[in-house]
1. Identify, please: which residue in region 15-27 is in contact (Cβ under 8 Å) with a residue 24 or more places away in the chain and surrounded by fewer than 15 Cβ atoms within 10 Å (Cβ to Cβ) and is, among those, farthest from N73 (Cα to Cα)?
2. Could you tell me which residue of region 1-13 is surrounded by the fewest Cβ atoms within 10 Å (Cβ to Cβ), considering only residues that are in contact (Cβ under 8 Å) with a residue 12 or more places away in the chain and outside any strand (DSSP E or B)?
3. Might you check whether a residue that is more than 18 Å from L15 (Cβ to Cβ), in contact (Cβ under 8 Å) with a residue 12 or more places away in the chain, touching a Leu at 6+ places or on another chain (Cβ under 8 Å) and surrounded by 18 or more Cβ atoms within 10 Å (Cβ to Cβ) occurs anywhere in region 55-66?
4. Within region 76-99, track down each residue that is over 14 Å from V30 (Cα atoms) and touching a residue at least 40 places away in the same chain (Cβ under 8 Å).
5. Which residues, counting only those in region 72-88, are part of a strand (DSSP E or B) and farther than 14 Å from M20 by Cβ?
6. Among the residues of region 47-55, are any polar (S, T, N, Q) and in a strand (DSSP E or B)?
7. Quick one: which of R71, R75, R93 is under 17 Å from K4 (Cβ atoms) and of a type in the set (K, R)?
Amino acid sequence: MPAKDWTYVMDEAALPEGKMTPVYPSGVNVLMARVGGAVYALEGKCAHMGCPLFNGMLEGVILTCPCHDWRFNIRTGEFIDAPELRLKMYQTRTEDGKLFVSLGQMEGL
């Protein structure tokens, strides 16, 4: 299995608890979120009509799309009303106060 390619996206301190922010490693729209101390990286546009999710509302681990109120679990990327639909999820890593993302989709999702 090849080694993961990790891309620096932001300083860890720039992502406070309960917040989210968009990043664009290699031009890919990724939404970073921190909940319960864990950092999540998921596809930054809604699976429904491509609306930018960084404008949505984050309540706990539930992210609501700003366009049509589709709700996603940021831990899994699953659409709450139809779990067979999901956003891409990306692995994250923290090193020396910096956040990195691997743009290969997480296995098992």
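1. S26
2. Among those that are in contact (Cβ under 8 Å) with a residue 12 or more places away in the chain and outside any strand (DSSP E or B), it is A13.
3. Among the residues of region 55-66, at least one is more than 18 Å from L15 (Cβ to Cβ), in contact (Cβ under 8 Å) with a residue 12 or more places away in the chain, touching a Leu at 6+ places or on another chain (Cβ under 8 Å) and surrounded by 18 or more Cβ atoms within 10 Å (Cβ to Cβ), which makes the answer yes.
4. Matches in region 76-99: R93, T94, G97, K98.
5. E78, F79, R86
6. Checked region 47-55: no residue is polar (S, T, N, Q) and in a strand (DSSP E or B).
7. The match here is R93.
Taken together, the values in this text are just the output of simple stated rules run on the coordinates, not laboratory data. Model, not experiment: these values are computed from the prediction. Reconstructed Cβ throughout: ideal geometry from the backbone, glycine too, with neighbour counts over all protein chains shown.
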